[in-house]
Amino acid sequence: MADRPGSTGARRRAGAGWRRPGLAYLLLLPALLLELLVHLVPMAVGVWMSFRELTQFFIRNWSAAPWAGLRNYKVAVDVDSAIGAALLRSLWITLAYALLVVVGSWLLGFVAALLLQRPMRNRGLLRTLFLVPYALPAYAAVIAWNFMLQRDTGMINHLLVDNLHLTDDRAFWLLGDRSFVAIVLVSIWRHWPFAFLIIMAGMQNIPTDLYEAAAIDGAGPGQQIRRVTLPMLRPVSLVLILVLFLWTFNDFTTPFVLFGAATPEQADLISVHIYQSSFVTWNFGLGSAMSVLLLLFLLLLTAGYLLLTSRRRRRAV
Amino acid sequence: MRVRKIGATAASVLLLMSLAACGDDGGGGGEKTLTYWASNQGPSLDADRQVLQPELDKFTQQTGIKVELEVIGWPDLLNRILAATASGQGPDVLNIGNTWSASLQATGAFLPFESAEIDTLGGKDRFLGPSFAATGATGQPPTSMPLYGLAYGLFYHKRLFAEAGITTPPKNWTEFVAAGKRLTKGGQWGLAVEGASYTENAHHAFIFGQQHGADFFDGAGKPQFTGPHHVMAVKQYLDFMATDKIANPSNAEYSTPNQPIGDFAKGKAAMLLWQSNAISLLAAAGMKPDEYGVAPIPIADPLPPGGKRVNSHVAGINISVFKNTENRDGALELVKFLTSSGEQQILNKALGSLPVVKDAYSDPAFETPVIKVFQDVLANTAGPLPQVPEESKFETTVGSGMRDLFAKIASGQPVGEAEVAAALTKAQQEMGTGG
């Protein structure tokens, strides 16, 4: 980093603070304790619960719940039983959902950012407009979709059947196979503005000389996107894809608000599935075991992704 | 040096504040204030507040005890109670569905009503027998007291019946389906159901099960969902949409009472199998009391082997006191107030339910033909849902399974005996993991 005027003075002041480590640690302590309290303690409690038979008889006094060993885990991974099979099915559905949402959101975000890259009239207005789904409170946004997607009274069927006469059949969007399509579309609608925001910021960091040089070399707009924009966006995209994937994979609000307590089998996403598994049978030990398995799965997936992308990066260098 | 001192003090204050915030019970108010969670009985949470708040103000005037009221919708109530039980941070007094009595009793979170407490409410004999029987497992002191009585009935739309030339409400299921088919035409359907509601589905599984001679728990309280009678009972209810086609497939999406009851009020459906509280919801939907009639829900004729003449469960709402309330006496005082004769008359009249104490029936409002039908059902042909700890799980597992089957039917997939049997097997497996 280049030295800026005054930076030595600033460093000296910061250094003076560090010479009194007691105060610094003391100031950090409340945040650290709260962090422990908010994140790590519930996580540890969840792991502890997963080894217990925490049912309705013990929810008032958790510590009295009998030790279950690995029984909850065995039930969760036994794919021959109804519970294990349903969990596995939910995992596949969630993976498909997360992949479609990530790809859809990234593509939409990329195209929108690209179109709004060049100065044009109303660019600021359009950018603001595109961010509206992201800025809306999640509950308000998704419950509106729930109303719109209802079969008899929803706006979507009214538009498709009564206004556009595309079909005579009023489709179910909140039940059956189309419920998966509905949740994917609503989720892309919610998440793509974030992708748009991040990609837009990434594009603004690409030096214009690169495009000029490419143009001089005879690269057309398509080649400029392929040879300049995409490679330069790579670091941003890698993080964006990981964040979007984790968000959508763990997404609870969108399915829960869209379908209420009546989640269709075809859109049985894993976070809601685990919630239902705990509350339908009051078996919080089993629900916790499923959560721990999900956590391990995501950790492995994330580690694999980071390893793969960093290796490729090293190879590229 | 001084800076360090100020910093250290600030950090300590912040730390203490954060710890204090974590220990706050969030109750607010003085020690006299009670928190009361009421279940949603009327057409909306706000409508319930408007009925309850003046009565609670009256209670405050009489006793000096303030009551903070929160009305909670049915989809959330059980989860809220479970969360409160787990955290120990619950209300002082709360309503529960009476079918959950034994399940919630098993958590140990509620105050048992010993004979001394029951005596202060006027004694056991003051309450209606069937309602009092649904307050907890037999042989244990009850952990809830009856508050509102409910029973199922067949609501029929008088104008639509007249237009179809049907003069009397159906008495058995053959007549019911035949009437339903005559009433189904154009945008109008014979029956409206709340297909995505696990509670409604489970109640009907119980009622049809009783008529088919199928008990969902054996004598030892163990679940038994998968017998042929159980399958036939559940299938009969689902068939109203699947094969009889007298219920609109869109009903598979319905998850609030206002949806089917709204269809009935608008003349889009001619019959409802609903609890007595539909009266207040129909009034809110703009339907006048003389526009509909109420008859007992049909009973199979002849009854299948082992079948019972049951056309409702002993439905109702109970009131409980959280064991860790800091104002036990005040909480019991509120229970006494809400179960008093005068309040029973006011509240049940406003909410369309039945008083649970005999002395409240002197009010002529409970002498109407409609109320008489429900009283008769509750007294003679209502069966109690099993008072076993696993009961609430029966409602969630079987009711949710039926919800998924309704969804399949609506989206055109076949749902026959095999599919129903598979769903009930899955429900029973889920029960097996809970206990």
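The values are calculated or read from the model by the stated rules, or taken from the named source; none is laboratory data. Keep in mind it's a predicted model, so treat the numbers as computed, not measured. Cβ placement follows ideal geometry from the backbone for every residue including glycine, while neighbour counts extend to all protein chains displayed. Only protein heavy atoms, including side chains, enter the accessible area calculation; ligands, DNA and RNA are left aside. Shrake-Rupley method; radii C 1.70, N 1.55, O 1.52, S 1.80 Å.
Please report the relative contact order for chain B, taking Cα pairs under 8 Å with a sequence separation of at least 6, and give it as a percent rounded to a whole number. Could the numbers behind the result be given before it?
On the way: 787 pairs, mean separation 110.2, N = 435.
Contact order relative to length: 25 percent.
Please compute the length gained on full extension between A:W67 and A:L27, using 0.36 nm multiplied by the number of residues separating them and subtracting their Cα-Cα distance.
Numbers: separation 40, 0.36 × 40 = 14.40 nm, distance 3.99 nm.
Taking 0.36 nm per residue and subtracting the Cα distance, the gain is 10.4 nm.
Reported value for segment B:50-103: 108 Å³ per residue, from the convex hull of its C-alpha atoms.
Do the sum for chain A: with -39,500 (n - 2.57) for every DSSP H run of n ≥ 4, divided by all residues, what is the mean residue ellipticity at 222 nm, to the nearest 500 deg cm²/dmol? Don't skip to the answer; put the middle values down first.
Details: 15 runs with 213 residues, N = 317.
One gets -21500 deg cm²/dmol as the mean residue ellipticity at 222 nm.
Taking Cα atoms only, the orientation of helix B:328-338 departs from the longest principal axis of chain B by about 30 degrees. Can you grab the distance from the C-alpha centre of segment B:400-429 to the C-alpha centre of segment A:99-117, Å, no decimals? Here the two parts' Cα centres lie 39 Å apart. The alpha-carbon of B:K181 sits under 24 angstrom from the alpha-carbons of these lysines, leaving out residues fewer than 8 places away in its chain: B:K158, B:K171, B:K235, B:K245, B:K266, B:K268, B:K408.
The heavy atoms of A:H191 offer some 10 square angstrom of accessible surface to a 1.4 angstrom probe.
Label-to-label distance for A:L126 and A:L298 is 3.5 nm, based on points extended 7 Å past Cα in the beta-carbon direction. For the protein assembly as shown, the average shadow cast by the Cα convex hull is 42.2 nm², which is a quarter of the hull's surface. Direction-averaged projected area, Cα convex hull, chain B: 25.4 nm², rounded to one decimal.
To the nearest 100 Å², how much accessible surface do chains A and B hide from each other in total, with a 1.4 Å probe? Could the numbers behind the result be given before it?
Values: alone 19720 and 18570 Å², together 34570 Å².
When A and B are taken together, about 3700 Å² of accessible area is lost.
For chain B, the longest principal axis of the alpha carbon atoms and the long axis of helix B:198-211 meet at an angle near 50°.
If you take each beta carbon of peptide A:171-180 and count the beta carbons of other chains within 10 angstrom, what is the mean?
Values: counts 1, 8, 1, 6, 14, 7, 2, 1, 2, 0.
If you average over the peptide's residues, the count of other-chain Cβ atoms is 4.
Using the Cβ-Cβ distance between B:S87 and A:H165 with R0 set to 56 Å, the FRET efficiency from 1/(1 + (r/R0)^6) comes to roughly 0.55. A viscosity of 1.002 mPa s and a temperature of 20 °C, combined with the Kirkwood radius over Cα pairs in Stokes-Einstein, give a translational diffusion coefficient for chain A of 90 µm²/s. Pairs of lysine in segment B:311-402 with Cα under 18 Å and at least 8 positions apart or on different chains: total? Step by step, the pairs that qualify in segment B:311-402 add up to 5.
Inter-label distance, B:T425 to A:Q223: 6.4 nm, where each label sits 7 Å from its Cα along the C-beta direction. On the principal axes of its alpha carbon atoms, segment B:231-328 extends 55, 41, 28 Å, with the longest extent given first.
Of the whole protein surface, A:D152 contributes about 60 Å² of accessible area at a 1.4 Å probe radius.
With contacts taken as Cα pairs under 8 Å at a separation of at least 6 residues, segment B:263-370 carries a relative contact order of 25 percent. With each label modelled as a point 7 angstrom along the Cα→C-beta vector, the A:H158-B:R309 pair spans 5.0 nm. Using C-alpha pairs below 8 Å separated by at least 6 residues, the relative contact order for segment B:32-182 is 19 percent. Taking the C-alpha atoms only, the angle from helix B:74-87 to the longest principal axis of chain B is near 30 degrees.
So what's the net charge close to B:A233: Lys and Arg +1, Asp and Glu -1, counting the other residues with Cβ under 12 Å from its Cβ? Spell out each step's value before the answer.
Working: positive: B:K235, B:K308; negative: B:D215, B:D239, B:E417.
Value of the local net charge: -1.
Quick one: work out the % antiparallel among DSSP beta bridges in chain B, nearest 5. Spell out each step's value before the answer.
Details: 24 of 38 bridges.
The answer is about 65 percent antiparallel.
Taking a ≥ b ≥ c as the square roots of the eigenvalues of the alpha carbon gyration tensor, segment B:292-435 is oblate, as a/c is not under 1.5 and a/b does not beat b/c.
If you wrap the Cα atoms of segment A:18-172 in a convex hull and average its projected area over all directions, you get 19.9 nm².
Looking at the protein assembly as shown, the DSSP beta bridges with both ends there are about 65 percent antiparallel.
Long hydrophobic helices in chain A, taken as whole DSSP H segments with a C-alpha length of 24 Å or more on their own axis and mean Kyte-Doolittle hydropathy at least -1.0: A:82-115, A:178-204, A:230-249, A:284-316.
Whole-percent P(r), segment A:197-305, all Cα pairs, 10 Å bins from 0: 12, 28, 22, 17, 14, 6, 1. A cut-off under 10 angstrom between Cβ atoms defines the neighbours of A:R170, and their net charge, with Lys, Arg +1 and Asp, Glu -1, is -3. Estimated at the nearest 10 Å², the accessible area of B:S341 is 40 Å² with a 1.4 Å probe.
Order the following by accessible area, largest value first: A:E35, B:E194. Probe radius 1.4 Å; ligands, DNA and RNA are ignored.
Values: A:E35 90, B:E194 10 Å².
Putting A:E35, B:E194 in descending order of accessible area: A:E35, B:E194.
If R0 equals 35 Å, the separation of the Cβ atoms of A:L242 and B:K185 corresponds to a calculated FRET efficiency of about 0.05. Taking amide H as placed 1.01 Å from N in the peptide plane, the amide H of B:Y292 sits under 5 Å from that of B:K158, each at least 5 places away or on another chain. Look at the stretch A:142-155: the mean tally of other chain Cβ atoms within 10 Å of its residues' Cβ atoms is 2.
Using alpha-carbon positions, what is the distance between the centroids of segment A:37-81 and segment A:135-196, in Å? Cα centroid of segment A:37-81 versus Cα centroid of segment A:135-196: 37 Å apart.
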